[in-house]
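**Student:** A single structure is presented below for examination.
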Amino acid sequence: MRLLKLLLLLFAFAAHGAVASAQILPAEQAFTVRAERAAGGLVLTWTIGGETYLYRDHIAVRSEDGRAVAFSTPRGTVKDDPNFGPVEVFRQAARATVPKDALPSEAGLVVTFQGCTDAGLCYPPVHRRIDLQTLAVTSHDPLSADVAAPRVAASPANADDGSALLTGASLTWTLLAFLGFGLRPVGNNPLAH
């Protein structure tokens, strides 16, 4: 009976997760950015998905070698965020202007930004590269580029402590793994004796 209740509970979590994830946009759809030339420099414009917001102070513009590039944004709407307290956010659209004299002589810029959903899910920082010749916007992985970024050491591939299973796993698999690790028979546990 207890096992049946546990399975029903796990099924409810999995079903809830599937419904919740169907309503949350992937970062690529929640935040799209485009670049346009203007008389004063370069204008970056974001389109922000519904029930999603972009943090004003989490926008950063850098040259490809990692140097900060000056830019300006209008004021955002003040939101009392559960994670960061009072912050300025943008909804539906955002705009940043990079002055002409701040543009690097290199071929591109790296723009980093972050936002959350009204449901409480925060996206990891999003990185986009803007080609200054064509204004094409592409995905950018700061860990594979020469941009100075902190590196995270990967866990060994042969680790048998279960951490490899949890890395990048969905909430459902993580819950199942924790329950599985916690439900080992007492006879196999050397600490139980």
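The values are calculated or read from the model by the stated rules, or taken from the named source; none is laboratory data. Since the structure is predicted, the reported quantities are computational estimates derived from the model, not experimental observations. Glycine also receives a Cβ, built like all others from the backbone with ideal geometry; neighbour counts cover every protein chain displayed. Just so you know, the surface numbers come from the protein's heavy atoms only, side chains and all, with ligands and any DNA or RNA stripped out. Shrake-Rupley method; radii C 1.70, N 1.55, O 1.52, S 1.80 Å.
**Student:** What is the distance, in nm, between label points placed 7 Å from the Cα along the Cα-to-Cβ direction at ARG67 and at LEU121?
**Tutor:** Result: 3.9 nm between the two label points.
**Student:** Check VAL69: other-chain or 5+ apart residues with amide H under 5 Å from its amide H, H built from backbone geometry?
**Tutor:** Long-range HN contacts for VAL69: VAL61, ARG62, SER63.
**Student:** Rounded to whole Hz and in sequence order, give me ³J(HN,Hα) for the stretch 129-139 from the Karplus expression 6.51 cos²θ - 1.76 cosθ + 1.60, θ = phi - 60°, writing x for Gly and Pro.
**Tutor:** Along the stretch 129-139, the couplings run 9, 10, 6, 6, 7, 9, 6, 5, 10, 10, 5 Hz.
**Student:** Is the shape of the stretch 61-134 rounded, prolate or oblate, going by the alpha carbon gyration tensor and its root eigenvalues a ≥ b ≥ c, with a/c under 1.5 for rounded and a/b larger than b/c for prolate?
**Tutor:** Prolate, since a/c reaches 1.5 and a/b exceeds b/c.
**Student:** Turning to a different aspect of this structure: Enter the accessible area per residue of the stretch 45-119 (Å², integer; probe 1.4 Å; all protein chains in place).
**Tutor:** I get 51 Å² per residue for this part.
**Student:** What order do CYS122, CYS116 take when sorted by accessible area (1.4 Å probe), most exposed first?
**Tutor:** Of CYS122, CYS116, the descending order of accessible area is CYS122, CYS116.
**Student:** Note the full-extension length gain between ALA60 and GLU106 as 0.36 nm times their separation in residues minus their Cα-Cα distance, in nm to one decimal.
**Tutor:** In short, 14.8 nm is gained.
**Student:** Through the Karplus equation 6.51 cos²θ - 1.76 cosθ + 1.60, θ set to phi - 60°, convert the phi angles of the stretch 99-110 into ³J(HN,Hα) values in whole Hz; use x for Gly and Pro.
**Tutor:** x, 4, 6, 8, 5, x, 7, 5, 7, x, 10, 10
**Student:** While we're looking at this one, here's another question. Could you tell me how far the Cα centroid of the stretch 63-83 sits from the Cα centroid of the stretch 30-60, in Å?
**Tutor:** Spelled out, the Cα-based centre of one part sits 10 Å from the other.
**Student:** Could you list which residues have their amide H under 5 Å from that of LEU42, counting only those 5 or more apart in sequence or on another chain, with H placed in the peptide plane?
**Tutor:** Close amide H contacts, sequence-distant or interchain: VAL98, LYS100.
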